[in-house]
Ligand code: 5AD
Ligand code: SF4
């Protein structure tokens, strides 16, 4: 313990954390910074000034390990250059890639001192101290018996208008293309009490919007108090200064009645839902082991649109899954035409070692994947633009988040998660402002400020 103190009382050090991937990783990076603060580390945006560099990796995207090794090559050069000037820079690799290929990182990049998975970053101070004493690399990628959430410092030190709060981690669904159940482990939910306590700290530090995060967030359960995601949302809505609540990512089969009703009954719950479907073909959905078919997905969307007709719907799609025929792909295009999305993410299927789909026969040729992705993205882009255009003339409330360094404009988000520029000043930060929409673009809206009467 004394080691910590001595460290903290000497001159402050700098940590640079580079984050790849999802909001869960952004959240994890922020918490890494929190656990490092008592050791005397402040976060920096400039890696050339850092004493400690952590790469927080994501395994879902294509070529994740190649990207990591090429980044590590660059960092090795930086490390050597600083060594010449007498500064010892430590390098760490965190996140899902560290979890999946920790041994390989240790062998191929021996200058990496710390390797730790998403479940163990609360032990980062201990790892750093162990690394300082031992020679060589510390590898910590086990799934610990004790959940990481119980070990995190109570407060998030950084102040942000839009905060993220991790309520659940891991996934038990085992979609056949996905590494998450292997890299993030089994589903684990935090207690309702600890979530509300963290939310209160976030709001006290300036958060006005909270996005509840989890790989399968709507599978959240705290059985000790009989709470699901809807109960978290209801309790959060009681926090006076919290204006907005969102959540992601959801599985269609976990959209229970209580959560759907929350979209009707809780005004602070934003009319936005990220609900991945992946494919519109029942045969492909079965091969993906999604455990729902297209009809069930349509039924969930219908139920939620009934209670919240103005819902902005978002989704994830994978094209070129093994065995996907032109007619399977057409089923995806058709469901997109029928449902109409406000925004979406779409990917070419990519083989992930260790997942069942990676060894399926009938892998789809790259050029077919590319051509299908282009068609799907053209349709999704048009729907996104149409959704934005339909807002012209409407008055929307915008939560002002920050000031743009480029042009001095303020910017914020509409309830539907569209980005908006706002003429104004920094006093507007953290407030909701009424904006009449005058222009719509594929990725943003423009509008005029409507002063309060
Ligand atoms: N290939 C392509 N896309 C994938 N995703 C997850 N695994 C793969 C893969 N092997 C996409 C899914 C998921 C999103 C987070 O990433 O669409 O919903
Ligand atoms: Fe991966 Fe999501 Fe499927 Fe879980 S539900 S296995 S996180 S794609």
ask   = If only one of 371, 362, 324, 302 is more than 16 Å from ligand 2 (Cβ to nearest atom), outside any loop (DSSP other than H, G, I, E, B) and over 25 Å from residue 416 (Cβ atoms), which one is it?
value = 371
message = Out of 167, 112, 179, I need the residue that is crowded, with 20+ Cβ neighbours inside 10 Å and either at pLDDT below 60 or not assigned by TED's automatic domain parsing to the domain that holds residue 211 (or both). Which one?
response = 112
key: Residue under evaluation residue 243, criteria (1) more than 18 Å from residue 313 (Cβ to Cβ); (2) without any contact (Cβ under 8 Å) to a residue 40 or more places away in the chain; (3) away from ligand 2 (no atom under 16 Å from the Cβ), criterion not met   = (2)
task = Within region 168-195, count every residue that is in a helix (DSSP H, G or I), touching a residue at least 24 places away in the same chain (Cβ under 8 Å) and within 15 Å of ligand 1 (Cβ to nearest atom).
result = 3
ask   = Within region 309-318, is even one residue within 19 Å of residue 347 (Cβ to Cβ), out of contact with any strand residue (DSSP E or B) (no Cβ under 7 Å at 6 or more places or on another chain) and within 16 Å of ligand 1 (Cβ to nearest atom)?
value = no
request  = Would you please name the residue that is nearest to residue 253 (Cα to Cα), looking only at residues in region 263-299 that are free of Cβ contacts under 8 Å to residues at least 40 places away in the same chain and within 16 Å of ligand 2 (Cβ to nearest atom)?
outcome  = 293
ask   = Is it the case that region 381-398 has a residue that's farther than 24 Å from residue 271 by Cβ and either away from ligand 2 (no atom under 16 Å from the Cβ) or in contact with a strand residue (DSSP E or B) (Cβ under 6 Å, 6 or more places away or on another chain) (or both)?
value = no
inquiry  = If a residue must be outside any helix (DSSP H, G or I), under 19 Å from residue 292 (Cβ atoms) and touching a helix residue (DSSP H, G or I) at 6+ places or on another chain (Cβ under 7 Å), how many such residues does region 250-270 contain?
reply    = 3
task = Starting from residues that are within 10 Å of ligand 2 (Cβ to nearest atom) and more than 17 Å from the chain's Cα centre (by Cα), keep the ones in region 168-195 and report whichever is nearest to residue 97 (Cα to Cα).
result = 182
query = Among the listed residues 226, 214, which satisfies the condition of being farther than 30 Å from residue 102 by Cβ and either over 21 Å from the mean Cα position of the chain (by Cα) or within 16 Å of ligand 2 (Cβ to nearest atom) (or both)?
reply = 226
key: Only listed residue being closer than 18 Å to residue 25 by Cα, more than 9 Å from ligand 2 (Cβ to nearest atom) and in contact (Cβ under 8 Å) with a residue 24 or more places away in the chain, chosen from 209, 198   = 198
inquiry  = If I ask for residues that are under 11 Å from residue 20 (Cβ atoms), within 16 Å of ligand 1 (Cβ to nearest atom) and surrounded by fewer than 20 Cβ atoms within 10 Å (Cβ to Cβ), which ones from region 64-102 would you list?
reply    = 67
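The values are calculated or read from the model by the stated rules, or taken from the named source; none is laboratory data. Here the structure is a predicted model, which is why all the values come from computation and not from measurement. Here the Cβ is made from the backbone with ideal geometry for all residues, glycine too, and neighbour counts use every protein chain on show.
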